[in-house]
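Note sheet for the following structure.
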Amino acid sequence: DKMDNILLDYSLIILSLVITLLAQLYINYNYKKFSKKSNNTNITGAEVARRILNSNELQNVGIEQVGGNLTDHYDPKNKVVRLSNDIYNGTSIAAVSVAAHECGHAIQDKKGYLFLRIRSAIIPIVNFASYAGYFAILIGIFFSFLNALKIGIAMELIILLFQIITLPVEFNASNRALKKIKELGLLDSNEITGGRKMLTSAAMTYVASVASAIIQILRLLLILRGRDDD
């Protein structure tokens, strides 16, 4: 029975790694593919962001350039869309898509999109859960302190809830982005398919995160059951 548990544990670890790796490969493949294809209007990511924001009466939202690769994000606290160098200055289909996606979050913020509000509200709790859960799990496993392990599992469930709430936020932002890209003619009809693939692949990384979190919880429950049996 112990050997079966060990095999199952390793299988779950491998499955988690495979899911994460496949999601990363998928987004990297699409990003590399569509970052090499310039859009026909030669519009940059920064210009795309400004046009989308202005069309939604979001002139108050700033656009900033940040370092790194795929570090693009929307900052709801400071009302800023931050775009990585390749997206900010780039004229590729990927640059248009990523910039539009981040503007999708800004539109959500303006409209008070429910899941974005919930996600923002629970971020402090999730940050605490990630730290507390890490230490609780370590204590629970290395010192066979089952109550600590149970606390760790509870913290992981909070993180899973956060990631599940993140899914509609990301998919909705991508849907808003695609709608705006079509509405403002930022990509032509031949480029829209590429834009849709980019937006979908970005959202799929969050699906992988949910799957990995579920597998992590299953592993911890398996460890807990094994300790209970001892």
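Quick notes on this structure:
- Checking every residue in the range 136-147 against the condition of being of a type in the set (Gly, Ala, Ser), within 21 Å of the chain's Cα centre (by Cα) and open to solvent by less than 40 Å² (accessible area, probe 1.4 Å) gives zero matches.
- Complete set of residues in the range 1-28 that are without any contact (Cβ under 8 Å) to a residue 12 or more places away in the chain and of a type in the set (Phe, Trp, Tyr): Tyr10
- For the range 1-31, the set of residues classified as of a type in the set (Asp, Glu) and either within 24 Å of the chain's Cα centre (by Cα) or surrounded by 12 or more Cβ atoms within 10 Å (Cβ to Cβ) (or both) consists of Asp9 only.
- Strands (runs of 3 or more DSSP E) lying entirely in the range 32-129 (those with 1 or more residues that are within 30 Å of Ile151 (Cβ to Cβ) and open to solvent by less than 10 Å² (accessible area, probe 1.4 Å)): none
- The range 48-59 residues that are within 14 Å of Leu178 (Cα to Cα), paired with ones that are among the β-branched types (Val, Ile, Thr) and surrounded by fewer than 19 Cβ atoms within 10 Å (Cβ to Cβ) (beta carbon under 6 Å, 6 or more apart): none
- Test: residue in the range 178-194 that is β-branched (Val, Ile, Thr), farther than 17 Å from Ile27 by Cβ and open to solvent by 30 Å² or more (accessible area, probe 1.4 Å): no
The values are calculated or read from the model by the stated rules, or taken from the named source; none is laboratory data. Just so it is clear, the model here is predicted, and its values are computed rather than measured. Here Cβ is always computed from backbone atoms with ideal geometry, including for glycine, and neighbour counts include all displayed protein chains. Side chains included, ligands, DNA and RNA excluded: accessible areas come from the protein's heavy atoms. Shrake-Rupley method; radii C 1.70, N 1.55, O 1.52, S 1.80 Å.
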